[in-house]
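Q: So that we are looking at the same thing, I have put the structure below in structure tokens.
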Amino acid sequence: MTTFLRSVSAEFAKIFTTRLWWLLAIVLFCYIGLIAGGLGALLAGVETGVISPDTVNTGGAGAFGFGSLPPIIYSFASSVGYVFPVLLGVLATTGEFRHQTLTPTFLATPRRGVVLAAKTVTLVLVGAGFGVVGLAASVGLGGGALSAFGVDALLLDSETWLQVGRTILAMGLWAAIGVGFGVLVPSQVASIVVVLAFTQFVEPLLRLAASFLEVTAQIGNFLPGSASDALVGASVFTLANPAGAPPLDWWQGGLVLLGYAVVATVIGYAVSWKKDVT
Amino acid sequence: MPTGAVIEFTSISKRFGKVAAVNELSFTVEPGRVTGFLGPNGAGKTTSLRILLGLVAPTSGTATFGGVRYRDLPNPLATVGAALEAASFHPGRTAQNHLGVYAIAAGLPRTRVMEVLTQVGLAAHAAQRVGGYSLGMRQRLGLAYALLGDPGVLVLDEPINGLDPEGIRWIRGFLRDMAAEGRTVLVSSHLLSEVQQSVDDVVIIARGELVHLGPLSSLDTDAAPQTIVDSPNREALGAALTAAGIIFSIGRTGLLAATSDPALLGHLAFTAGVELSVLHRQKTGLEDSFLALVGGSHSL
């Protein structure tokens, strides 16, 4: 147990002794702040009539009728921001391969399973921290924009804070998925390319395509991004859902995300982590 | 004072696919001595050391420190210090933080970080990112990592590579000091001349197999004894040798006589009344013995 706790402390030290974590955190904050603040202002403006619906191309559907705006605005922290903890996790593992730091790591802690478990625990916690950063942007700037247009930001609503808690959990799980994917694909460049291509392009398209039929929509619910949105409980991606398949419950979404992290990490342990370090 | 443990390789073999990188390697390394682990590049030195340290799984056999496998050591860094290749660093991390990470992982006091950086002469560069380090500085940082737990056993892979002359002189003294303190010191090199000033014992491997084991002096053998002898009057000298039944050939610096006894030739010349200008035994050097053992051309 002391070995494990020391290993966790060492993994924290690894993250906070290079510049990556705060660079990613700053970009995360600005990116989510821009989207949540911008869209918050736009949608609140339309809803309250400050911005005429005619000036926004709504495809002839008239006003959006989103129901409650704040949960959607706040969900940008995870529905858009999840790629940041994934990248942090991927870089935490692939960096060990790339810079050959597995050698000193495994010399200091020869039990490799302990090291990988410690890395996962550490990244879940730092990923949760990224969740806080993302929420600071989406609730702080997004909620500010809503309030500015006279829409209730629901900051005293317990539902809002439950969503905040679930968002932090989701971001932690995403970082664990990053760790797992990093050991599964230890080549850093390949790993980053696949993560960016999948999260920014492939999965959104799959979710869109799956949503047109009820049967595919149900399968689509198990895509990691859909599962994450189900866990958080709100997302701009689930607004347009033609087939109307009900999303997973929040806890089901959480278990699906956890499943992705566990499967990737276990397979990655076998295919790369326990292999010879040459 | 940390005490050294005996390193023991027992029938270690490692196959990469069909290629046998190491084959049935067995030897022990004693504390209080510097042991040179020698062989040409590709002989299997690094693979053997990585097996010893639990980084590479052997196909068969065991390698232990005082009978314990590396992965079973209760405090690995405080028992064994290892420096492998020179580039095991995140370039964006400072030397101090690099060592700090592993001090935390091994449960060592953080004060050790500056102590070992001072010991290897990097204290002034402790707060510098390792990405800006020269090869020699990286070697020293690797050594600092090995010293972090003040271990009784040191395993160093090619530690002299990339060092400047001052660094080479320093590390030679360092290796001697470590052994004098009773530690076990195993140091690999592909050049005997690089370590022959420092080592007591040699373990020589070639093509993954043990070819020689023993004290350094055991390399000082004469496979084909020859004595060089010359005279202003070579004809008379040659005639005297022939009369005594000694076979010789004519070399660049004189006659190469097939005997290991210069005194015999001196006596022959004296009795024949021939003046000598050169008389000395030609020794095959340690390096020649080493090259002969590992198969000459493979060492380049």
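The values are calculated or read from the model by the stated rules, or taken from the named source; none is laboratory data. Keep in mind that what you see is a predicted model, and the values were worked out from it rather than measured. Methodologically, a virtual Cβ is constructed for each residue, glycine included, from the backbone with ideal geometry; neighbour enumeration extends over all protein chains shown. Each accessible area value is taken on the protein alone, full model and side chains, heavy atoms only, with ligands, DNA and RNA left out. Shrake-Rupley method; radii C 1.70, N 1.55, O 1.52, S 1.80 Å.
Q: Looking at (1) open to solvent by less than 50 Å² (accessible area, probe 1.4 Å); (2) away from chain B (no Cβ under 14 Å), find the lone condition where A:V263 falls short.
A: The single condition A:V263 does not satisfy is (1).
Q: Now for a separate question. Got at least one residue in segment B:129-136 being more than 12 Å from chain A (Cβ to nearest Cβ), among the aliphatic types (A, V, I, L, M), open to solvent by 40 Å² or more (accessible area, probe 1.4 Å) and assigned to a helix (DSSP H, G or I)? Spell out the reasoning first.
A: Within segment B:129-136, the first condition is being more than 12 Å from chain A (Cβ to nearest Cβ), and the residues that meet it are B:132-136.
Still in the list and also among the aliphatic types (A, V, I, L, M): B:135.
Those left that are additionally open to solvent by 40 Å² or more (accessible area, probe 1.4 Å): B:135.
Checking which are assigned to a helix (DSSP H, G or I) leaves us with B:135.
Yes, some residue in segment B:129-136 is more than 12 Å from chain A (Cβ to nearest Cβ), among the aliphatic types (A, V, I, L, M), open to solvent by 40 Å² or more (accessible area, probe 1.4 Å) and assigned to a helix (DSSP H, G or I).
Q: So, one more: Among the candidates A:P71, A:P110, which residue alone is within 14 Å of chain B (Cβ to nearest Cβ) and open to solvent by 10 Å² or more (accessible area, probe 1.4 Å)?
A: On the way: A:P71 fails: within 14 Å of chain B (Cβ to nearest Cβ).
That would be A:P110, the only listed residue that is within 14 Å of chain B (Cβ to nearest Cβ) and open to solvent by 10 Å² or more (accessible area, probe 1.4 Å).
Q: What pairs come out if I take residues in segment B:204-217 that are open to solvent by less than 20 Å² (accessible area, probe 1.4 Å) and pair them with residues that are assigned to a strand (DSSP E or B) and not basic (K, R) whose C-beta lies under 6 Å away, six or more apart or interchain?
A: Short answer, once both residue conditions are applied: B:I204/B:L38; B:I204/B:V211; B:I204/B:H212; B:G208/B:A20; B:G208/B:A21; B:G208/B:V22; B:G208/B:N23.
Q: Out of B:V120, B:V80, B:V116, B:V68, which single residue is at the interface with another protein chain (Cβ under 10 Å from one of its Cβ atoms) and either among the β-branched types (V, I, T) or touching a helix residue (DSSP H, G or I) at 6+ places or on another chain (Cβ under 6 Å) (or both)? Steps first, answer last, please.
A: On the way: B:V120 fails: at the interface with another protein chain (Cβ under 10 Å from one of its Cβ atoms); B:V116 fails: at the interface with another protein chain (Cβ under 10 Å from one of its Cβ atoms); B:V68 fails: at the interface with another protein chain (Cβ under 10 Å from one of its Cβ atoms).
Only one candidate passes the filter, namely B:V80.
Q: Could you tell me whether B:A20 is more than 10 Å from every other protein chain (Cβ to nearest Cβ), touching a strand residue (DSSP E or B) at 6+ places or on another chain (Cβ under 8 Å) and outside any loop (DSSP other than H, G, I, E, B)? If you could, list the steps in order and put the result at the bottom.
A: Details: more than 10 Å from every other protein chain (Cβ to nearest Cβ): yes; touching a strand residue (DSSP E or B) at 6+ places or on another chain (Cβ under 8 Å): yes; outside any loop (DSSP other than H, G, I, E, B): yes.
Yes: the conditions hold for B:A20.
Residues are listed down the side, and each one gets a yes or a no for (1) under 30 Å from B:T259 (Cβ atoms); (2) part of a helix (DSSP H, G or I); (3) open to solvent by 40 Å² or more (accessible area, probe 1.4 Å):
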position: B:A127; (1), (2), (3): no, no, yes
position: B:P151; (1), (2), (3): no, no, no
position: B:L156; (1), (2), (3): no, no, no
position: B:I160; (1), (2), (3): no, no, no
position: B:E166; (1), (2), (3): no, yes, yes
position: B:G173; (1), (2), (3): no, yes, no
position: B:D177; (1), (2), (3): no, yes, yes
position: B:S193; (1), (2), (3): yes, yes, yes
position: B:L241; (1), (2), (3): yes, yes, no
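Q: Next question, about the same structure. I need a count of the residues in segment B:134-174 that are among the hydroxyl-bearing types (S, T, Y) and either under 30 Å from B:P74 (Cα atoms) or touching a Ser or Thr at 6+ places or on another chain (Cβ under 9 Å) (or both). Outline the logic, then answer.
A: Initial filter on segment B:134-174 (among the hydroxyl-bearing types (S, T, Y)): B:134, B:145.
In the following step, the residues that additionally are either under 30 Å from B:P74 (Cα atoms) or touching a Ser or Thr at 6+ places or on another chain (Cβ under 9 Å) (or both) were identified as B:145.
Of the residues in segment B:134-174, 1 are among the hydroxyl-bearing types (S, T, Y) and either under 30 Å from B:P74 (Cα atoms) or touching a Ser or Thr at 6+ places or on another chain (Cβ under 9 Å) (or both).
Q: Restricting to segment A:76-99, name every residue that is within 10 Å of chain B (Cβ to nearest Cβ) and part of a loop (DSSP other than H, G, I, E, B).
A: The one that is within 10 Å of chain B (Cβ to nearest Cβ) and part of a loop (DSSP other than H, G, I, E, B): A:H99.
Q: Continuing with the same structure: If I filter segment A:21-33 down to residues being within 14 Å of another protein chain (Cβ to nearest Cβ) and crowded, with 17+ Cβ neighbours inside 10 Å, which single residue comes out as farthest from A:F97 (Cα to Cα)?
A: Here is the first cut: in segment A:21-33, the ones within 14 Å of another protein chain (Cβ to nearest Cβ) are A:21-24.
Now restrict to residues that are crowded, with 17+ Cβ neighbours inside 10 Å: A:21, A:24.
On the way: A:W21: 18, A:L24: 21 Å.
Step by step, filter segment A:21-33, then rank; the result is A:L24.
Q: Oh, and also: What pairs come out if I take residues in segment A:1-19 that are closer than 23 Å to B:V130 by Cα and within 7 Å of chain B (Cβ to nearest Cβ) and pair them with residues that are among the acidic types (D, E) and surrounded by 16 or more Cβ atoms within 10 Å (Cβ to Cβ) whose C-beta lies under 9 Å away, six or more apart or interchain?
A: Here the result reads A:K14/A:E96, each pair linking segment A:1-19 to a residue that is among the acidic types (D, E) and surrounded by 16 or more Cβ atoms within 10 Å (Cβ to Cβ).
Q: Quick one: what pairs do we get from segment A:154-183, first residue in a helix (DSSP H, G or I), second buried (at least 24 other Cβ atoms within 10 Å of the Cβ) and basic (K, R), C-beta under 6 Å, 6+ apart or different chains?
A: If the second residue must be buried (at least 24 other Cβ atoms within 10 Å of the Cβ) and basic (K, R), the pairs left are A:V179/A:K119.
Q: Here is a further query. Considering (1) among the charged types (D, E, K, R); (2) under 21 Å from B:I204 (Cα atoms); (3) not in a strand (DSSP E or B), say which one B:R71 fails and leave the rest.
A: That leaves (2) as the condition not met.
Q: May I pose another question? Could you please give the count of residues in segment B:83-108 that are more than 7 Å from chain A (Cβ to nearest Cβ), open to solvent by less than 20 Å² (accessible area, probe 1.4 Å) and of a type outside the set (A, V, I, L, M, F, W, C)?
A: Summing the residues that are more than 7 Å from chain A (Cβ to nearest Cβ), open to solvent by less than 20 Å² (accessible area, probe 1.4 Å) and of a type outside the set (A, V, I, L, M, F, W, C) in segment B:83-108 gives 1.
Q: Conditions: (1) open to solvent by 30 Å² or more (accessible area, probe 1.4 Å); (2) without any contact (Cβ under 8 Å) to a residue 12 or more places away in the chain. B:L73 meets all but one. Number of the miss?
A: Exception for B:L73: condition (1).
Q: Return yes or no: is A:S191 within 16 Å of A:L135 (Cα to Cα), in contact with a Ser or Thr (Cβ under 8 Å, 6 or more places away or on another chain) and part of a helix (DSSP H, G or I)? Break it down stepwise before answering.
A: On the way: within 16 Å of A:L135 (Cα to Cα): no; in contact with a Ser or Thr (Cβ under 8 Å, 6 or more places away or on another chain): yes; part of a helix (DSSP H, G or I): yes.
Here the answer is no, as A:S191 does not meet what is asked.
Q: Here is a further query. Among the residues of segment B:179-191, which ones are open to solvent by 30 Å² or more (accessible area, probe 1.4 Å), out of contact with any helix residue (DSSP H, G or I) (no Cβ under 8 Å at 6 or more places or on another chain) and of a type outside the set (A, V, I, L, M, F, W, C)? Break it down into steps so the answer makes sense when it comes.
A: Taking segment B:179-191 and keeping what is open to solvent by 30 Å² or more (accessible area, probe 1.4 Å), we get B:180-181, B:190-191.
Applying the additional criterion that residues be out of contact with any helix residue (DSSP H, G or I) (no Cβ under 8 Å at 6 or more places or on another chain) yields B:180-181, B:191.
Hit for segment B:179-191 is B:E181, nothing else.
Q: List every residue pair whose Cβ atoms sit under 9 Å apart, with the two residues 6 or more apart in sequence or on different chains, where the first one lies in segment B:91-103 and is farther than 16 Å from B:A124 by Cβ and free of Cβ contacts under 8 Å to residues at least 60 places away in the same chain and the second, anywhere, is crowded, with 20+ Cβ neighbours inside 10 Å and of a type in the set (D, E).
A: From segment B:91-103, the pairs are B:V101/A:E11.
Q: In addition: In segment B:115-150, what residues are among the hydrophobic types (A, V, I, L, M, F, W, C) and over 22 Å from the mean Cα position of the chain (by Cα)? Quick ask: steps written out before the conclusion?
A: Initial filter on segment B:115-150 (among the hydrophobic types (A, V, I, L, M, F, W, C)): B:116-117, B:120, B:122-124, B:126-127, B:130, B:135, B:137, B:141, B:143-144, B:146-148.
Across segment B:115-150, the qualifying residues are B:V116, B:L117, B:L122, B:A123, B:A124, B:A126, B:A127, B:V130, B:L148.
Q: Further, regarding this structure: How many of the residues in segment A:100-130 are in contact with a Lys or Arg (Cβ under 9 Å, 6 or more places away or on another chain) and outside any helix (DSSP H, G or I)?
A: The total comes to 4.
Q: Looking at (1) more than 10 Å from chain A (Cβ to nearest Cβ); (2) of a type in the set (S, T, Y); (3) open to solvent by less than 50 Å² (accessible area, probe 1.4 Å), which is the one condition that is false for B:T47?
A: If we test B:T47 against (1) more than 10 Å from chain A (Cβ to nearest Cβ); (2) of a type in the set (S, T, Y); (3) open to solvent by less than 50 Å² (accessible area, probe 1.4 Å), just (1) comes out false.
Q: Give segment B:243-262 a look and list any residue that's open to solvent by less than 70 Å² (accessible area, probe 1.4 Å) and in a helix (DSSP H, G or I), or say none.
A: Of everything in segment B:243-262, just one residue is open to solvent by less than 70 Å² (accessible area, probe 1.4 Å) and in a helix (DSSP H, G or I), namely B:P262.
Q: Which of the residues that make up segment B:27-43 are in contact with a strand residue (DSSP E or B) (Cβ under 6 Å, 6 or more places away or on another chain), part of a loop (DSSP other than H, G, I, E, B) and open to solvent by 10 Å² or more (accessible area, probe 1.4 Å)? Before you say what the answer is, go through the steps one by one.
A: In the first step, residues of segment B:27-43 are kept if they are in contact with a strand residue (DSSP E or B) (Cβ under 6 Å, 6 or more places away or on another chain); the result is B:27-29, B:31, B:33-39, B:43.
Filter again for part of a loop (DSSP other than H, G, I, E, B), leaving B:31, B:33, B:39, B:43.
Within segment B:27-43, B:P31, B:R33 qualify.
For every residue, the table says whether it meets (1) surrounded by 15 or more Cβ atoms within 10 Å (Cβ to Cβ); (2) in contact with a Lys or Arg (Cβ under 9 Å, 6 or more places away or on another chain); (3) under 18 Å from A:F84 (Cβ atoms).
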{"position": "A:Q188", "(1), (2), (3)": "yes, yes, yes"}
{"position": "A:E203", "(1), (2), (3)": "yes, no, yes"}
{"position": "A:S211", "(1), (2), (3)": "yes, no, no"}
{"position": "A:G220", "(1), (2), (3)": "yes, yes, no"}
{"position": "A:L258", "(1), (2), (3)": "yes, no, no"}
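Q: Continuing with the same structure: Take B:A57 and decide whether it is in a strand (DSSP E or B), within 14 Å of chain A (Cβ to nearest Cβ), modelled with pLDDT of 95 or more and in contact with a helix residue (DSSP H, G or I) (Cβ under 9 Å, 6 or more places away or on another chain). Spell out the reasoning first.
A: Details: in a strand (DSSP E or B): no; within 14 Å of chain A (Cβ to nearest Cβ): yes; modelled with pLDDT of 95 or more: yes; in contact with a helix residue (DSSP H, G or I) (Cβ under 9 Å, 6 or more places away or on another chain): yes.
It is false that B:A57 is in a strand (DSSP E or B), within 14 Å of chain A (Cβ to nearest Cβ), modelled with pLDDT of 95 or more and in contact with a helix residue (DSSP H, G or I) (Cβ under 9 Å, 6 or more places away or on another chain).
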